[in-house]
Structures are given as C-alpha cells and as structure tokens.
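Report on the structure given below.
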Amino acid sequence: MPAPVSKPDDPALLRIDGPIATITLNRPAAFNSVNLAIAQKLEQLAAYLEGADDIRVVVLEGEGRAFSAGGDLQTIGAAAETGTVTPVVGELLKHYHAFIEMIRRMPKISLSSVHGSAAGAGMGLAFVTDLCIAADDAKFTPAYAKIGVSPDGGSTVGIVGTVGSRRALQIFLSEDNFTAQQAHEWGLVAKLVPAAELKAATRKLAERLAQNPPAAIAGTKSLVYQAATTPVKQQLDAEEHKIIMAMNTEDFRVAVKKFTSKGK
C-alpha cells in the first residue's frame, strides 16, 4: 500500500523520514481544532501507518501557534443550536476515536510533540500517545467541565492510566489549566525542553526510540497496556509468548552476540 500523498491544504499532513513518520495537524488558523475533515484524515493516515512495517515511531505535532485547541466548537455549537449534536458529534468521534484506537494498538511508538496550547481533545491527544515531549511553556487545558461536558478524544484513556483516578478527577473537574512542568511532575510528559529546541529534541528522541527493534516495540507496548486489566497468570503467559517471539528474530541474535562478546 503506497503512502498517502499530502497536499499543503490537507487538514493533517504525513511526512516519512526513514523509520519515523510525522503527522502534523494542519488547521493553524483554527488552532488545529478537530472537525470532521481532520478526524477523517487522521484515521486514514493511521490506517496506513498501522500496516507500514518499516515505520517504528509515529510523531504527532501541530502546525502554527498551538498543538490543538480540541474539538471544533464552531461546528459543535452550530449542531447544538439546530438539534443535530447526536449525528454530527457521533460522526466526528467515530473517525477520531478510530484514529485513537489505532494509535494505541499499532506496534509502533507514538510520540506527541506539544507546543503552545493543548486543550480538551487536544490535551487528550497529547497524553493518549505512548510518550509526550513538550515545550517548557506549553499549557494544558481540560476545558470540558467549563462547558458542561465530560471528557472525550481519549482523554480518560491516556490520563487515568498515568495519574490514577483521584488526580484525573482533579485535572478534569478542578484545574482550569496546568503547566508543562506540572504535567512532567505527574508523569504525563516524559521530557521537557525549551520551546526553541522542541523540534530538534523531538527528532533526537524519535531517532533514539526508532533504534528499538520492531519485536521489542510491539511486545512491550502490548504488554504494558494490558497489564492493568489482565490476571497475573494470563499476563505472565503473554510475557512468555512475546519474549520468545522476540528471541526468534535476527535483531535479538545480533544484539546478544554483541553483548556476550564484550567480555571476551
């Protein structure tokens, strides 16, 4: 399957450089808010990347001054006025949530690179990825309770599993916004860098992550995400299955030979 060709005015762009794929949210005039067009494009790009065996790391970033302002309230507000929220938001989330599902399950490392503001579903997107690197002046805004709604866009998927239920309730119900430094302290952000260095630091981290062999990435990601809800015996069986699969690869044979020859 050939890689999708991105046009400059696409709502999300795909760039591939070796084992690293970068998806850029591309609605800068709307602060990369998520509408139906961007949700459909993200689903299309993720479907391609999930099956692309040569890709090991998927980076998510935003064009312009913000990572993402979350759901497009212009579209959603208009639907609320006309009584069409159920079909309009249902269709949007069908595609956006399909994208989130693929990001979580694909046997590749996903890395969000956050600058400016990440609000609502944009905040959810920042933290639903496997890892997040952020500019030290980035700001995260839950936004949901303030407009009388509950979280969507994978927000509870990424945040609750990282910070626990009590901190998650604090974030969603009592925080107007929080800083990148707070997010780092809570374990939501893996690495903080000066804003001017974000792109270079993201590339450096993505290159380091891409050095992990595919079997190691796929097995580790699968095991980590299922650990919290899997009985111990079942989890141990899964660990055995995954590690034996990885040990049957050429990557493992080469790595072990290199390691064991060091002491000789």
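The values are calculated or read from the model by the stated rules, or taken from the named source; none is laboratory data. No experiment lies behind these values; they were computed from the predicted model shown. Here the Cβ is made from the backbone with ideal geometry for all residues, glycine too, and neighbour counts use every protein chain on show. When the accessible area is computed, the model is the full protein with side chains, heavy atoms only, and any ligands, DNA or RNA have been set aside. Shrake-Rupley method; radii C 1.70, N 1.55, O 1.52, S 1.80 Å.
Amide H contacts of V189 (H built 1.01 Å from N, in plane; Pro and chain starts excluded): H184 sit under 5 Å, all sequence-distant by 5 or more or on other chains. When the alpha carbon gyration tensor of region 25-146 is reduced to an equivalent ellipsoid, its three semi-axes come out at 24, 19, 11 angstrom, largest first.
In plain terms, if you count all Cα to Cα distances in region 103-169 and split them into 10 Å steps from zero, the share in each step is 21, 53, 24, 1 percent. Computed from backbone phi with θ = phi - 60° and the Karplus coefficients 6.51, -1.76 and 1.60, the 3J(HN,Hα) list for region 106-122 is 4, x, 9, 7, 9, 9, 8, 10, 10, 10, x, 9, 10, 10, x, 5, x Hz; x is used for glycine and proline.
For Y225, the solvent-accessible surface computed with a 1.4 Å probe is close to 80 Å², ligands and nucleic acids excluded. Less than 5 angstrom separates the built amide H of R27 from those of N32, E63, all sequence-distant by 5 or more or on a different chain. Its alpha carbons considered, region 47-118 gives a radius of gyration followed by a Dmax of 15.2, 46 Å.
Each peptide in 204-210, 243-249, 49-55 receives the mean, over its residues, of other Cβ atoms within 10 Å, and ordering these scores from highest gives 204-210, 49-55, 243-249. Separation of region 89-131 from region 148-199 is 13 Å, based on Cα centroids.
Within the straight-line cut-off of under 20 Å between alpha carbons, the lysines reachable from K139 are K191, K199, sequence neighbours fewer than 8 places apart in one chain being disregarded. For region 134-250, the gyration tensor built on C-alpha atoms gives an oblate shape. Its axis ratio a/c (a ≥ b ≥ c) is at least 1.5, and a/b is not larger than b/c. Listed values for region 217-226 are Karplus-derived 3J(HN,Hα) couplings in whole Hz (6.51 cos²θ - 1.76 cosθ + 1.60, θ = phi - 60°), namely 4, 4, x, 5, 4, 4, 5, 5, 6, 8, and x replaces Gly and Pro. In units of the rule-of-thumb radius 2.2 N^0.38 Å, the chain shows an alpha carbon radius of gyration of 1.05. Computed from backbone phi, the HN-Hα couplings of region 254-259 come to 5, 5, 5, 4, 4, 5 Hz, rounded to whole numbers (Karplus: 6.51 cos²θ - 1.76 cosθ + 1.60, θ = phi - 60°; Gly and Pro given as x). A helix-only calculation puts the chain at -15500 deg cm²/dmol for mean residue ellipticity at 222 nm, using -39500 (n - 2.57) for each DSSP H run of at least four residues, averaged over all residues. Of all lysines in the structure, those lying under 21 Å Cα to Cα from K257, and not within fewer than 8 positions of it along the same chain, are K242. Structural size metrics of region 77-124, computed from C-alpha coordinates, are Rg and Dmax of 14.2, 41 Å. Relative to the compact-globule estimate of 2.2 N^0.38 Å, the Cα radius of gyration of region 147-190 comes out at 1.11.
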